[in-house]
Amino acid sequence: MQQVLTHPLSRLASDEVQWIWLDTTRFRWERRLWLTVMAFQAMKEALPIGDRKLSDVLGAYRYATNAAVNLARIEGRERATKHDLKARLEEYNYLASRAYGDKLQLAHLGMTSADVVDNVALVQMRNSLRHLTTLTSHPGVHDSLIKAIHHLPFRGIKGPVGTQQDQIDILGSEEAADELDGYVARSFDFQDVMNSVGQVYPRSLDHMVAAAVMSACFIHLQDGWDHKGDQPHNLPMLMIARGYFRMIGEYSGDQWGEGDVTTSVIRRVCLPGIFLAADCLLRGVS
C-alpha cells in the first residue's frame with residue numbers, strides 16, 4: 001500500500017511536494033547514498049569484499065536500493081535496535097544479503113548517521129525548492145528560490161566529527177576522501193561540498209532556505225494584493241509558513257543544541273511544513 005504523508009497540510013498540498021517528504025522517498029535516497037559510497041570505495045579497491053565477486057556484491061546492493069520499502073519491518077527493527085537509522089541500515093543489508101545469497105554488511109563503512117540523514121535532508125530541501133520554482137513564473141519569486149538552490153551545498157561524507165578520518169583510513173589518503181565528497185555530491189546533482197563541518201551541517205543553512213521560501217511567498221502575495229486593501233484569500237497560509245519559519249529561526253540560532261534529539265524532532269516538523277505551506281500558497285490553495 002502506498003504511504004500517505006501524515007501532516008495537517010497533507011489534504012491541501014500537492015502530491016509532488018508530499019512525495020519528497022515521505023518516509024519511503026527518504027529511505028530510498030538513503031539507500032542510494034549508501035550505494036554511491038560503496039561504489040566509490042570499490043573503485044578505489046577499498047571495499048572489503050574478500051573473495052566475493054565485486055559485480056555480484058554491488059548488484060545485490062543495487063537490487064536492495066530499488067527494492068520496496070517495507071515500513072512495518074523497519075519499524076520492527078527500530079523497536080529492537082532503539083535506533084532509527086540502524087534499523088534502516090539493517091533492512092538494507094538484509095535485502096542485499098537475500099539477493100546475494102549470503103550475509104553482506106558492507107553499507108555505511110566509515111560513515112556516521114549525519115553522513116546519511118543530513119545529506120538526504122539537503123536533497124529534500126533542494127528538491128522542494130526546485131518544485132516551488134515550477135509553480136510560478138514571477139521573476140522575483142523564481143529568482144529568490146533559484147538563489148537558494150545555488151547557495152545550498154552538500155554536506156559530504158565527513159564521519160563522526162567532521163574530520164573524514166574514517167574515510168581517510170579506508171581509502172588511504174585525504175585526497176581520496178575529498179574525491180569521495182565530490183563524487184557523491186555530483187551523484188546527487190550538487191555543485192559544492194562543505195569543507196568544514198562538525199557532527200552536523202550548520203543549521204543556519206535551514207534558515208537561509210526558509211528565508212528564501214518566505215521571500216518568495218511574500219512577493220507572490222504582494223503581486224496579487226488588492227489595491228483596495230482587501231486581504232488575499234490565501235493570507236492564512238502565509239501565517240502558517242511564517243510560524244514554521246520562526247521555528248527554524250529559533251533552532252538555527254541555538255547551535256549549542258545542534259544534532260540533539262530535540263532539534264531533530266523540530267526539524268522533522270517545520271522543514272516539510274514550510275514547503276507544504278509554500279506549495280499551497282503558490283498554487284492559491286487556502
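Distance between the 7 Å Cα→Cβ label points at E174 and A211: 3.2 nm. Cross-link pairs exceeding 25 Å between alpha carbons, from the set K53/K82; K44/K103; K82/K103; K44/K158; K53/K103: K53/K82. The modelled label-to-label distance between D143 and Q199, using points 7 Å beyond Cα along the C-beta direction, is 4.1 nm.
Taking 0.36 nm per residue of separation and subtracting the current Cα-Cα distance, fully stretching the chain between T134 and K53 would add 24.7 nm. Summarising the amide proton neighbourhood of F154: residues at separation of 5 or more, or on other chains, whose placed amide H is nearer than 5 Å comprise D192, V193, M194.
Modelled label positions at R242 and H151, each set 7 Å beyond Cα in the direction of Cβ, lie 2.1 nm from each other.
Read-outs: derived from the displayed coordinates by stated rules, not from any lab. Since we're looking at a predicted model, the values are computed, not measured. Heads up, the Cβs are rebuilt from the backbone with ideal geometry, glycines too, and the neighbour counts pull from every protein chain shown.
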